[in-house]
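Q: One structure is given below, represented as structure tokens, and several questions about it will come after.
We did not get these values from a lab; they are worked out from the coordinates using the rules stated. In this text, all values refer to a predicted model and were calculated from it rather than measured experimentally. Backbone-built Cβ (ideal geometry, glycine too); neighbour counts: all protein chains shown.
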Amino acid sequence: MRGVDEESGEYLGPSRKQNRREALEVLALAEALVGLPDGRLAKLPVPDSLMPHIADTRRITSHIARKRQMAFLAKQMRREDEATLEALRDALDAGGEAARIDTARLHRAEQWRLRLLDEGDTALAALLDEYPNADRQKLRQLVRNALAERAKNKPPAAFRELFRELRDVFAGAASAAADDNNDDAAYDSVDDDETGDGTRQA
């Protein structure tokens, strides 16, 4: 934010310290956007001009190259007006609870992935007890393939696919539970509107 020199009346540019602080804030915002699941990112007011840069950053796995691309993304974001950046921050804050749920689900998928690889069918049986709609055959095959990859030091394609499958299992279970809750609420509403003899109140 620019100030005014009290003696000369000239406008002063922002200090180096302020510039650095604002740049770090935008970089933090960029990192938050890159780390969001596609579904959450699509719900935010992200300018179309930034989406390709976010996608490019996500694709990079090399630490140094990713850090460089993240800095480039932040530079592009600083070209947006402050109102746009504030809208993004507000939307992220409003979705904070959803973000925490997403993060917890990702941690749970990682924990189950490690357990499946370590305990095999014992862990799979426990998982299916908790999530009976999970695809037993697909999960077992992914575990076998991931273990084979590890033994042969191959790229972890099945290892990653196993994580995605578990994440989808947990997301599907959460969605089904939400639907059940909505149905219960609808039935409760119907019951409230009816008299004891089954006729609706006027």
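Q: If R0 is 25 Å, what FRET efficiency do you get for ASP93 and ALA174 from their C-beta distance, rounded to 0.05?
A: For ASP93 and ALA174, the calculated efficiency is 0.70.
Q: Rounded to the nearest whole Å³, what is the per residue volume of the convex hull around the Cα atoms of the range 131-177?
A: Convex hull of Cα atoms, per residue: 50 Å³.
Q: Next question. Given R₀ = 35 Å, what would the calculated FRET efficiency be for ILE60 paired with GLN18, taking r from the Cβ atoms and rounding to 0.05?
A: Given R0 = 35 Å and the Cβ-Cβ separation, E is 0.70.
Q: Here is a further query. Once fully extended, how much extra length lies between ASN153 and ALA83, figured as 0.36 nm per residue of separation less the alpha-carbon to alpha-carbon distance?
A: Fully extending the segment from ASN153 to ALA83 adds 20.3 nm.
Q: Let me ask something else about it. Across all directions of projection, what mean area in square nanometres is found for the Cα convex hull of the range 71-162?
A: That works out to 8.8 nm², a quarter of the Cα hull's surface.
Q: Continuing with the same structure: Arranged by the count of other C-beta atoms within 10 angstrom, fewest first, what order do MET70, MET77, MET51 take?
A: By the 10 Å Cβ count, ascending: MET51, MET70, MET77.
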